[in-house]
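Report on the structure given below.
Derivation of every value follows stated rules applied to the coordinates shown; laboratory data play no part. Keep in mind it's a predicted model, so treat the numbers as computed, not measured. Please note: Cβ atoms are built from the backbone with ideal geometry, for glycine as well, and neighbour counts cover all protein chains shown.
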2 protein chains.
Amino acid sequence: MTEVVIGIDIGGTFTKYGIVDQQGQCLKENFISTDKYSDFDVYLETLHTEIEETIQSVDIPITLMGIGIGAPNGNYYKGTIEKATNLNWKGTINFVDKLKAYYPDIPIVLTNDANAAALGEMIYGGAKNMKDFILITLGTGLGGGIVVNGDLVYGHDGFAGELGHLNVKHRGRQCGCGKRGCLETYVSATGIKRTVLKLISEKIVPSDLRNIGFNDLTAKMISEAAKKGDKIALEAFEITGRILGVKLADAVACTSPEAIFLFGGLAKAGDLLLEPTKKYMDENLFPIYRGKVQLKLSELQETNAAILGSSALAWKELQK
Amino acid sequence: MTEVVIGIDIGGTFTKYGIVDQQGQCLKENFISTDKYSDFDVYLETLHTEIEETIQSVDIPITLMGIGIGAPNGNYYKGTIEKATNLNWKGTINFVDKLKAYYPDIPIVLTNDANAAALGEMIYGGAKNMKDFILITLGTGLGGGIVVNGDLVYGHDGFAGELGHLNVKHRGRQCGCGKRGCLETYVSATGIKRTVLKLISEKIVPSDLRNIGFNDLTAKMISEAAKKGDKIALEAFEITGRILGVKLADAVACTSPEAIFLFGGLAKAGDLLLEPTKKYMDENLFPIYRGKVQLKLSELQETNAAILGSSALAWKELQK
């Protein structure tokens, strides 16, 4: 019997899940819609049915050991999703308690998606031998997972690591959280789009990006334009790297990590983002830390990284 | 036999030490000069001789269990003081190794002064039942001690928690560390003096502080002026609290503490500092944390708080 866990990644549009062994092999994976279900109980029943079918389809004998879930605003201590702005279900969802009705005999744990990704990096990725590191997810928003002494930092209330809401600028860009000037309004796939539009509004230099509406624009387009030498795109990466670099220097002053990993869509831009971020991080680091902190891309497989992260949460729990 | 440890606090001018029992009673305390000794070995020999005399003067039977040391740029892992700008001894001082020659049979541990103060708060002060909190020291500079899951965060290199060097302003005030715009250049006894001078330079409102030179000005004078309604002093506290509040909101997004304690000279200003800091911290907090984080003054006795902190480090080590 191969011991496996289920890793579930809840996004605004899709809920992806996979059956993962201890080596991080994803034996099977699948997904259901998230936003199609306005009723949480119907969603959960569907998810359970689909998971059971997927389990049946695995062609080797397996034992299900646990379930790990990554979700926006996921609370590790309570097993809840609280006030997630990009999900249909409002208020507090008792996700773990409700899923326990279907799986009463195995541990079920939940945290936010960035924390799950950090555990994935530690168990299967580039942070395998590290006890102190930070992982930054750069998708629609920006998330953070902070590991100290080999353990994820959950904090007093279970919500530590919300680095997307670090304060960059007083009266800066409006953020979905209700504040202004949050880091993720500048540094994320959406953030760099906003920066591109601002630059277009200010400058007269030609750019192919002038032909694309905000809603059609993607981080990938900006990255491709930059690779072709587009000045607006290049400056947008420089600005994004500067803002991220300064904030990473601050994060280093807090927990002094061995490395910082960048993960997710915008991280695919590679050196376009890494180089300015490194430069500005180093410039703004307290001298005692300089040269000691690696800035790297995540080594998790892109295709099912979020599922791996959630499964890592389950394996980590089983080690306790 | 009463079990005791020695707590040593190394400052730029004085080295204070005390003999402390497990309840945080300081049985005896004394000090020697720090800056009088250009030769570290002579300093250490003198410190040892004086400590031995102090031990002899205790009038109850005691057993010495360990020694804890708080020092600027103190490295917990290596037991060293590295590149401390306000000490005479340059480069790296192997403090713990050298002190072990005098005390080979007991644990000797060293960390920076703010980390020691945080442990003092946890063992004897207001954080007794807390597992996640931050302590900020506000003296000549600004230091931070971060506790996560009941343990001090040392980070990968032993220097975590250098919150005085968080980046407040691009091309801001020059800092002793070589950077510009560091938090401690705005928020510390020295920082608020700099703010007062800047306000005097910009405004024409009358103020008693206009009669005092920078070198003679103290945080206490600014606080007394503010209590009398001096507009420059009041605005200086408002600005200091704003800058600190925003940065504390960022620190909360990292480790989500239950409370933040303010400690040291400038913290004596009490509500003058606490109120604007609270206001701006709350405004800049990610909504999920709002109303969950207490901002408090340290509950350690002011007179020998630094000695207590260092002694707490030794007791904490003995618990391991």
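A few remarks follow.
- Across the identical copies, how the A:N88 labels are spaced - nm, sorted shortest first, 7 Å along Cα→Cβ: 7.4
- Taking the label point 7 Å along Cα→Cβ, B:G176 and its counterparts in the other copies are spaced 4.4 nm apart, in ascending order.
- Residues of type aspartates and glutamates that A:K100 reaches as a straight line, Cα spacing below 19 Å, ignoring anything fewer than 8 places off in the same chain: A:D9, A:D39, A:D41, A:E45, A:E50, A:E52, A:E53, A:E82, A:E317
- Across region B:27-39, coupling constants 3J(HN,Hα) worked out from phi with the 6.51/-1.76/1.60 Karplus curve, θ = phi - 60°, read 6, 8, 9, 7, 8, 10, 5, 9, 7, 6, 9, 7, 9 Hz, and Gly and Pro carry x.
- Ranking of B:E275, A:E202 by count of other Cβ atoms within 10 Å, fewest first: A:E202, B:E275
- Fewest-first ordering of A:K268, B:K128 by other beta carbons within 10 Å of each residue's beta carbon gives B:K128, A:K268.
- Sorted from shortest to longest, the distances between the B:Q56 label points of this copy and the other copies are 8.7 nm, with each point 7 Å from Cα along the line through the beta carbon.
- Shape category assigned to region B:190-320 from the gyration tensor of Cα positions, a/c cut at 1.5: oblate
- Proximity of backbone amide H atoms, modeled 1.01 Å from N, is registered between B:A259 and B:I134, B:Q294 at under 5 Å, excluding neighbours fewer than 5 places apart on the same chain.
- Crossing angle, helix B:231-255 versus chain B [Cα axis fit, 0-90 degrees, rounded to tens]: 60
- Gained length - B:K128 relative to B:D282, 0.36 nm times residue gap less alpha-carbon distance: 53.0 nm
- Note on chain B: GNM, Cα springs under 10 Å; of B:N115, B:N149, B:N215, the largest mean-square fluctuation is that of B:N215.
- Percentage relative contact order, chain B, counting C-alpha pairs under 8 Å, at least six apart: 20
- For region B:244-320, relative contact order (Cα pairs under 8 Å, six or more residues apart, normalised by length) works out to 42 percent.
- A cut-off of 5 Å between modelled amide H atoms, ignoring neighbours fewer than 5 places along the same chain, links B:G144 with B:T137, B:L163, B:G164.
- Ellipticity at 222 nm from helices only: DSSP H runs of n ≥ 4 in chain B, each -39500 (n - 2.57), divided by the residue count, give -11500 deg cm²/dmol.
- Helix B:305-319 and the longest principal axis of the Cα set of chain B meet at an angle near 50°.
- The slack between A:K227 and A:D35, meaning 0.36 nm per residue of separation minus the straight C-alpha distance, is 65.6 nm.
- Förster radius 45 Å - calculated FRET efficiency between A:R290 and B:V205 (Cβ-Cβ, nearest 0.05): 0.60
- Note on A:K228: lysines with a C-alpha under 19 Å away, same-chain residues under 8 apart excluded, are A:K193, A:K203, A:K220, A:K268.
- Residue (of B:N112, B:G150, B:G245) at the positive-pole extreme of region B:108-262, dipole from beta-carbon charges: B:G245
- Local electrostatic count at B:N304 - Lys and Arg +1, Asp and Glu -1, tallied over other residues with Cβ under 10 Å: -2
- For region A:142-152, the Karplus equation 6.51 cos²θ - 1.76 cosθ + 1.60, evaluated at θ = phi - 60°, returns couplings of 10, x, x, x, 10, 10, 10, 6, x, 10, 5 Hz by residue, with Gly and Pro reported as x.
- Between helix B:271-284 and chain B: long-axis angle, C-alpha atoms, 0 to 90°, nearest 10: 70
- For B:K28, nonlocal amide neighbours, meaning residues 5 or more places apart or on other chains whose placed amide H falls under 5 Å from its own, are B:I19.
- Extension gain, B:H170 back to B:L297 (0.36 nm per residue minus Cα-Cα distance, nm): 42.7 nm
- Amide N proximity, region A:1-31 versus A:V42 label position 7 Å along Cα-to-Cβ, cut-off under 20 Å: A:11-16, A:31
- Summed residue charge, Cβ within 13 Å of A:F40's Cβ, Lys/Arg positive, Asp/Glu negative: -2
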